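Remarks on the structure that follows.
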Amino acid sequence: MGLLSQGSPLSWEETKRHADHVRRHGILQFLHIYHAVKDRHKDVLKWGDEVEYMLVSFDHENKKVQLVLFGEEVLETLQEKGERTNPNHPTLWRPEYGSYMIEGTPGQPYGGTMSEFNTVEDNMRKRRKEATSLLEENQAVCTITSFPRLGCPGFTLPEYKPNPVEGGASKSLFFPDEAINKHPRFSTLTRNIRHRRGEKVVINVPIFKDKNTPSPFIEAFPEDDEAARASKPDHIYMDAMGFGMGNCCLQVTFQACSISEARYLYDQLATICPIVMALSAASPFYRGYVSDIDCRWGVISASVDDRTREERGLEPLKNNNYRISKSRYDSIDSYLSECGEKYNDINLTIDKEIYEQLLQEGIDHLLAQHVAHLFIRDPLTLFEEKIHLDDANESDHFENIQSTNWQTMRFKPPPPNSDIGWRVEFRPMEVQLTDFENSAYVVFVVLLTRVILSYKLDFLIPLSKVDENMKVAQKRDAVLQGMFYFRKDICKGGNAVVDGCGKAQNSSELPPEEYTLMSIDTIINGKEGVFPGLIPILNSYLENMEVDVDTRCSILNYLKLIKKRASGELMTVAKWMREFIANHPDYKQDSVITDEMNYSLILKCNQIANELCECPELLGSSFRKVKYSGSKPDSSN
Ligand code: GLU
Ligand code: MG
């Protein structure tokens, strides 16, 4: 989840005193990097995925499942047996926010050949197996986006009662500090976000109103003024960073051939974020209740919202410099490629001095405003030993601000003195139950980058419309019910040349007919006379590629899953979980998920993930990889 420094973390008051220093040197560090590598051209696209996992423990006797707080020890063993023993080890492990979480990636990035798509799932299986091998028989590594009873009494093992005191990290009524990763970065982030904001974070998720759900649904907090004030009727109230950053996701990072290709991919993929997020929807339950949303995005956004009341526009500006319209965790605010410029229709708050400085240093307007926008934020953590750095050879201050801007896409300059290229990270996807599904989503997105680059596709629409799509994408069953703005003619090509395109226009001059509202089914599968569909485009690309039969077979299975999720033939994880709970014999149609219901759900998820039972409504018949033999595989269904 970002930069991990060692040392003594500073309090918010101390960190604040160094904020300008961090920004000033962060910019100098960025400039050093930029000037050193702006002309670097790489010839291959490299990429890698990141999967976040939760560690759970089943109590079969009492029918209870809990999150186990030993991620740090599991991680230590995984790293010791893995990367530290063998630099070519096939997996890499990193810490994540929850003390019950770990994050796994392939040991080496994947390269540009098609056959590598056939190794993704194997690698994910290896990761699951490797982590599972360190656990006891009644424990498991789960790829679930949100743990349904996160924040309910006794949801961790060992159990801890939250201790909501000012000196603690989150001061939560529900989420104990012991559930936060023990690395000081995570608790410091939590405390400093709260102190910077001036109050606890507030997350209100609409409750799903079932037949017997009280209406209005009101939780009273008579003992706690702050909660009584902050919680809204008909909403599930949450009050800690852990409710957001304690969720898991699936990310993909691409290394582009050059900075301009990275900027182009950043923009194009930004428009895809809401679509793929809705397709990957996997988080319908929060704090033991059935909610009315299917995706985690807004929850995490609120869970790390460090803006003060002034910045949020609730009080006149006095101590702060800007009104800021979004949380640090949110969708991107500006396109980076020249083609994107005319679609930049969101008001961008920037640090003007930094912007001017960047221009003077030869950075173009679009990149300068992007960086100057990221740098309106304060550093949230700072380690005493890491204040004075060598700006020519280190980038911690830049990374400090960069890695706490958690946006749908991240534009990543190379680290100093490395042979890594310019990268972009695709961040909106929810993690799926199985390695098969996670591979399918990853391969779909990577293939999409291939066709975007090969066919010079252009998905750009005004960025404000992408923001509207992000809102729709999180709603219950958005995949089937939602309508999304999407560009009609994506194959014009003329507009979408990587280096340089038509002169920028003002967005008000845009012909309104460039985009229209479409369903996800239309966007993914196409509709006669309306839109060709992303899967048909991918299929025609694959027809023209040299691909060995086995790889083609895997890819077709992956695309089939995406296709059927988009058409509704298969369920999203969110929908499947909703149905599972709705049909549970204990469910009282009151939106409540009990310990026992949670237990059966997570047990079932774990059985599906380990291929101990089938789940055709979620995975279809392509559940197990069918080894190809015989005639050409059929891409038509
Ligand atoms: N777990 C976060 C999410 O679900 C992402 C944390 C990270 O940036 O690694 O989006
Ligand atoms: Mg992560």
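The values are calculated or read from the model by the stated rules, or taken from the named source; none is laboratory data. Please read all numbers here as calculations on a predicted model, not as lab measurements. We place every Cβ from the backbone using ideal geometry, glycine too, and count neighbours over all the protein chains shown. We work out accessible area using only protein heavy atoms, side chains counted, and drop any ligands, DNA or RNA first. Shrake-Rupley method; radii C 1.70, N 1.55, O 1.52, S 1.80 Å.
Here the contact order of segment 164-289, divided by its residue count and restricted to Cα pairs under 8 Å and six or more residues apart, works out to 23 percent. Rolling a 1.4 angstrom probe over the protein heavy atoms with all chains in place gives segment 228-336 an accessible area of 23 Å² per residue. Binning the C-alpha pair distances of the chain at 10 Å intervals from 0 yields a P(r) profile of 3, 16, 28, 29, 19, 6, 0, 0 %, listed from the shortest bin outward. Would you mind classifying segment 9-99 by shape? Square roots of the alpha carbon gyration tensor eigenvalues, ordered a ≥ b ≥ c; an a/c under 1.5 is rounded, otherwise it is prolate if a/b is larger than b/c and oblate if not. It is oblate, given that a/c is not under 1.5 and a/b is not larger than b/c.
Peptides 372-384, 143-155, 584-596 ranked from most to least packed, by the mean per-residue count of other Cβ atoms within 10 Å: 143-155, 372-384, 584-596. Applying both filters, DSSP loop and at most 13 other Cβ atoms within 10 Å, to the GluC sites (Glu not before Pro) of segment 198-237 gives E223. Diagonalising the gyration tensor over the Cα atoms of segment 280-355 and scaling each eigenvalue by 5 before taking the square root yields semi-axes of 29, 21, 9 Å, largest first. Distance between the pseudo-spin-label points of E614 and K588 (7 Å out from Cα toward the beta carbon): 3.7 nm. Legend: calculated FRET efficiency, Q6 to E468, from the Cβ-Cβ distance at R0 = 45 Å, rounded to 0.05, equals 0.60.
Rounded to the nearest angstrom and listed largest first, the equivalent-ellipsoid semi-axes of segment 134-211 from its Cα gyration tensor are 24, 20, 12.
The residues packed around L269, meaning those with a beta-carbon under 14 Å from its beta-carbon, carry a net charge of +3 if Lys and Arg are +1 and Asp and Glu are -1. A straight line joining the Cα centroids of segment 288-325 and segment 1-53 runs 24 Å. Note on the chain: helix-only mean residue ellipticity at 222 nm, from DSSP H runs of 4+ residues weighted -39500 (n - 2.57) and normalised by residue number, equals -10500 deg cm²/dmol.
Packing here is the average count of other Cβ atoms within 10 Å per residue, and on that basis the peptides 446-452, 99-105, 14-20, highest first, run 99-105, 446-452, 14-20. So if R0 is 22 Å, what FRET efficiency would E80 and E137 give, r being the distance between their Cβ atoms, rounded to the nearest 0.05? For R0 = 22 Å, the calculated efficiency reads 0.45. Here the spin labels are modelled as points 7 Å beyond Cα on the Cα-Cβ line, and at N321 and D210 they lie 4.9 nm apart.
The lysines within cross-link reach of K575, meaning a Cα-to-Cα straight distance under 20 Å and a gap of 8 or more places when in the same chain, are K209, K211, K471, K475, K560, K563, K564, K588, K604. Fully extending the segment from E579 to S621, taken as 0.36 nm per residue of separation minus the present Cα-Cα distance, adds 13.2 nm. The Cα atoms of segment 261-393 cover 52, 38, 35 Å along the three principal axes, with the biggest extent listed first. For segment 138-206 versus segment 330-354, the spacing of their alpha-carbon centroids is 33 Å. All alpha carbon pair distances within segment 198-255 were sorted into 10 Å bins beginning at 0; the resulting P(r) in whole percents reads 20, 39, 26, 11, 5, 0. Label-to-label distance for A392 and M483 is 5.9 nm, based on points extended 7 Å past Cα in the beta-carbon direction. Within segment 413-456, the percentage of alpha carbon pairs spaced more than 17 angstrom apart rounds to 52%.
Per residue, the convex hull spanned by the alpha carbons of segment 256-296 comes to 81 Å³. From largest to smallest, the equivalent ellipsoid semi-axes obtained for segment 350-419 from the alpha-carbon gyration tensor read 20, 15, 14 Å. Coupling constants for segment 356-371 follow from the phi torsions by the Karplus curve (6.51 cos²θ - 1.76 cosθ + 1.60, θ = phi - 60°), and in residue order they are 4, 4, 5, 4, 4, 7, x, 7, 6, 3, 5, 6, 4, 6, 4, 5 Hz; glycine and proline get x. Roughly speaking, what is the centre-to-centre gap between segment 432-447 and segment 547-606 when only Cα atoms are used, to the nearest Å? What the calculation gives is 14 Å, centre to centre. In terms of Cα atoms, the Rg and Dmax of segment 205-332 work out to 18.3, 58 Å.
Using C-alpha pairs below 8 Å separated by at least 6 residues, the relative contact order for the chain is 19 percent.
Compute the Cα gyration tensor for segment 441-485, then decide on rounded, prolate or oblate, letting a ≥ b ≥ c be the square roots of its eigenvalues: rounded whenever a/c is under 1.5, prolate when a/b is larger than b/c in the other cases, and oblate in all that remain. Oblate, since a/c reaches 1.5 and b/c is not below a/b. Amide H contacts under 5 Å for Y515: K488, restricted to partners 5 or more places along the chain or on a different chain, H placed in the peptide plane at 1.01 Å from N.
Listed peptides 253-265, 399-411 appear in the order 253-265, 399-411 once ranked by packing, highest mean of other Cβ atoms within 10 Å at the front.
Per-residue 3J(HN,Hα) values for segment 133-149, derived from phi via the Karplus relation 6.51 cos²θ - 1.76 cosθ + 1.60 with θ = phi - 60°, read 5, 8, 9, 7, 4, 8, 10, 8, 9, 10, 9, 10, 5, 10, 6, x, 9 Hz in sequence order (x marks Gly and Pro).
Between V549 and T119, the FRET efficiency estimated from the beta carbon spacing at R0 = 25 angstrom works out to 0.95. Give the aspartates and glutamates whose C-alpha is closer than 14 Å to that of K527, dropping any in the same chain fewer than 8 places away, or say none. Answer for K527, where 14 Å is the Cα cut-off: D489, listed by chain and number.
Shape class of segment 522-609 from the alpha-carbon gyration tensor: oblate, with a/c at 1.5 or above and b/c at least as large as a/b. The 3J(HN,Hα) values that the Karplus relation (6.51, -1.76, 1.60; θ = phi - 60°) gives for segment 393-407 are, in residue order, 10, 10, 9, 4, 5, 4, 5, 4, 6, 4, 7, 10, 9, 8, 10 Hz. Gly and Pro appear as x.
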